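J.: Would you mind keeping the following structure in view while I ask a few things?
The values are calculated or read from the model by the stated rules, or taken from the named source; none is laboratory data. Predicted model only: the values in this text are computed from it and were never measured. Cβ placement follows ideal geometry from the backbone for every residue including glycine, while neighbour counts extend to all protein chains displayed. Ligands, DNA and RNA are stripped out before the accessible areas are found, and what is left, the full protein with its side chains, is counted by its heavy atoms. Shrake-Rupley method; radii C 1.70, N 1.55, O 1.52, S 1.80 Å.
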Amino acid sequence: MLPKTMTAAVLVRPGAFEIQTVPVPQIGPGDVLIKVARVGVCGTDIHIYRGHYAAGWLPLIPGHEFSGTVAAVGDGVITVDVGTRVIADINIGCGHCFYCRKNEVMSCSEVKQLGIHINGAFAEYVKVPQRLVIPIPDDMPFDVAALAEPLGCTVRAAKKSAIRFGESVLVIGAGPVGNFHVQLARAIGAAPIIAADLNPERLRLAKECGADVVVSDMSTLDSAVRAVTGGRGADVVIESVGLPALYERAFDLVRPGGRIAAFGLGGEDAVVRFAPQKMVLKETGIRGSVAAMGDDMHDALTLLRFKRIDVRPFLQETRTLSEVQDAIEAFAADPGILKMQIIV
């Protein structure tokens, strides 16, 4: 018998969580109710917490990097049973428009994301449409499975930027997703891989996880990149921070004919300047990528299942549901923490 109420961390206004007793989500036909086991804290949660993103949707239960167990299913659900261990694609589109058909759900006019626009997983239970629920292997720990969503975001970026073996890759920003970018580039067979960040601890972890060269002094970045790319610049530059100044530098760090992967999310008013003539003459490509959708989640889960990703740096810090506010503040304050997870 399911309880009628549950404990949830509700962001009532920017900077203020309240631990509340709220109704368990009511499921309808085609819905799946998931008992949350683990949920990660990510940079998007920090932006929401600070009121810089999705503020119009408050009060809200955030949390979108989660794993758990199916607790109940609605009429017509045939893909999972009660007791199935699962993760979920968080992007809920209409399911039938031009963009949904092409797995470009974030461009759907009706898209909403769990934990960003509608209540998410900083709670004991979360409701998800069955088409977005993905079973996980019985032997995969919940903390590892909860990494599938952020890893899936970087999987999509690698696909969009078409990284190939033997290509040089520069990752600007060696935080959580930056580390995943490094590891995916290594798994694909890219070489050399350069990671740039101001934080020595993040660079140490990037080096351990696959970077060939790490750079902390940004004034030397250009010379460091050219030293290992025959003076050309990187085949692919991934901006994973979201600063206009770093996007502008990416145009100088990519080789003629290379590609820039726009991944770092800047503010709504952020503007990047570039020289169209130089971009045309150098045949530079730029491609944006934002979230894991469809196959990206399945591919990320496969990489985790077969241990193509070193997850150890991401599983060092945990808090309980009642400590969500402390968890977000600690994660935001300490750049040495690659991932914070909530045990529900």
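J.: Looking at (1) within 19 Å of the chain's Cα centre (by Cα); (2) open to solvent by 20 Å² or more (accessible area, probe 1.4 Å); (3) modelled with pLDDT under 95, can you tell me which one residue 262 breaks?
T.: For residue 262, the failing item is (3).
J.: Residue 319 versus (1) outside any helix (DSSP H, G or I); (2) modelled with pLDDT of 95 or more; (3) within 21 Å of residue 178 (Cα to Cα); (4) not hydrophobic (A, V, I, L, M, F, W, C): which is the lone unmet condition?
T.: (3)
J.: Any idea which of 212, 252 is under 27 Å from residue 267 (Cα atoms), without any contact (Cβ under 8 Å) to a residue 40 or more places away in the chain and surrounded by fewer than 22 Cβ atoms within 10 Å (Cβ to Cβ)?
T.: On the way: 212 fails: under 27 Å from residue 267 (Cα atoms).
Of the residues listed, the single one that is under 27 Å from residue 267 (Cα atoms), without any contact (Cβ under 8 Å) to a residue 40 or more places away in the chain and surrounded by fewer than 22 Cβ atoms within 10 Å (Cβ to Cβ) is 252.
J.: Which count do you get for residues in segment 175-193 that are among the β-branched types (Val, Ile, Thr) and under 13 Å from the mean Cα position of the chain (by Cα)?
T.: First, pick out the residues of segment 175-193 that are among the β-branched types (Val, Ile, Thr): 177, 182, 188, 193.
Filter once more, so that each one left must be under 13 Å from the mean Cα position of the chain (by Cα): 177.
Total meeting the criteria: 1.
J.: Would you please list the contacts, defined by Cβ atoms under 7 Å and residues six or more apart or on different chains, that run from a residue in segment 112-134 that is closer than 17 Å to residue 82 by Cβ to a residue that is in a loop (DSSP other than H, G, I, E, B) and acidic (Asp, Glu)?
T.: Short answer, once both residue conditions are applied: 134/89.
J.: Now a separate question. So, in segment 6-30, exactly how many residues are open to solvent by 30 Å² or more (accessible area, probe 1.4 Å) and touching a Pro at 6+ places or on another chain (Cβ under 6 Å)?
T.: Adding up the residues that qualify gives 1.
J.: While we're here: Here is a list: 158, 190, 211. Which entry is closer than 15 Å to residue 259 by Cβ, small (Gly, Ala, Ser) and assigned to a loop (DSSP other than H, G, I, E, B)?
T.: Values: 158 fails: assigned to a loop (DSSP other than H, G, I, E, B); 211 fails: closer than 15 Å to residue 259 by Cβ.
After applying the criteria, what remains is 190.
J.: Given the conditions (1) open to solvent by 30 Å² or more (accessible area, probe 1.4 Å); (2) in a helix (DSSP H, G or I), and given that residue 198 satisfies all but one, which numbered condition is not satisfied?
T.: (2)
J.: Follow-up. For segment 120-167, enumerate the residues that are more than 24 Å from residue 73 (Cβ to Cβ) and among the hydroxyl-bearing types (Ser, Thr, Tyr).
T.: Scanning segment 120-167 gives 154, 161.
J.: Would you mind finding the one in 300, 291 that is touching a Leu at 6+ places or on another chain (Cβ under 6 Å) and small (Gly, Ala, Ser)?
T.: Working: 291 fails: touching a Leu at 6+ places or on another chain (Cβ under 6 Å).
One residue alone meets the criteria, 300.
J.: Does residue 96 count as farther than 24 Å from residue 304 by Cβ, part of a loop (DSSP other than H, G, I, E, B) and without any contact (Cβ under 8 Å) to a residue 12 or more places away in the chain? Break it down into steps so the answer makes sense when it comes.
T.: Values: farther than 24 Å from residue 304 by Cβ: yes; part of a loop (DSSP other than H, G, I, E, B): yes; without any contact (Cβ under 8 Å) to a residue 12 or more places away in the chain: yes.
The answer is yes for residue 96.
J.: Name the residue, out of 226, 204, 232, 273, that is open to solvent by 50 Å² or more (accessible area, probe 1.4 Å), touching a residue at least 24 places away in the same chain (Cβ under 8 Å) and either more than 30 Å from residue 52 (Cα to Cα) or in a helix (DSSP H, G or I) (or both).
T.: Details: 226 fails: touching a residue at least 24 places away in the same chain (Cβ under 8 Å); 204 fails: touching a residue at least 24 places away in the same chain (Cβ under 8 Å); 273 fails: either more than 30 Å from residue 52 (Cα to Cα) or in a helix (DSSP H, G or I) (or both).
Within the list 226, 204, 232, 273, the selection yields 232.
J.: When segment 118-151 is examined, which residues are found to be more than 16 Å from the chain's Cα centre (by Cα) and either within 23 Å of residue 263 (Cβ to Cβ) or part of a strand (DSSP E or B) (or both)?
T.: Across segment 118-151, the qualifying residues are 118, 123, 125, 126, 127, 128, 129, 132, 133, 134, 135.
J.: Kindly provide the set of residues from segment 99-117 that are part of a loop (DSSP other than H, G, I, E, B) and open to solvent by 20 Å² or more (accessible area, probe 1.4 Å), ordered by number. Spell out how you get there, then give the answer.
T.: Step one: list which residues in segment 99-117 are part of a loop (DSSP other than H, G, I, E, B), which gives 102-104, 108-111, 115-117.
Of everything in segment 99-117, those that are part of a loop (DSSP other than H, G, I, E, B) and open to solvent by 20 Å² or more (accessible area, probe 1.4 Å) turn out to be 102, 103, 104, 109, 110, 111, 117.
This table checks each residue for (1) in contact with a helix residue (DSSP H, G or I) (Cβ under 9 Å, 6 or more places away or on another chain); (2) touching a residue at least 24 places away in the same chain (Cβ under 8 Å); (3) under 30 Å from residue 180 (Cα atoms).
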residue	(1), (2), (3)
4	no, no, no
12	no, yes, no
19	yes, yes, no
31	yes, yes, no
44	no, yes, yes
54	yes, yes, yes
64	yes, yes, yes
75	no, yes, no
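J.: Can you say whether residue 41 is farther than 13 Å from residue 90 by Cβ, open to solvent by less than 20 Å² (accessible area, probe 1.4 Å), within 19 Å of the chain's Cα centre (by Cα) and at pLDDT 95 or above, as far as the supplied structure shows? Please lay out each step first, then the result.
T.: Numbers: farther than 13 Å from residue 90 by Cβ: yes; open to solvent by less than 20 Å² (accessible area, probe 1.4 Å): yes; within 19 Å of the chain's Cα centre (by Cα): yes; at pLDDT 95 or above: yes.
So residue 41 fits the description; yes.
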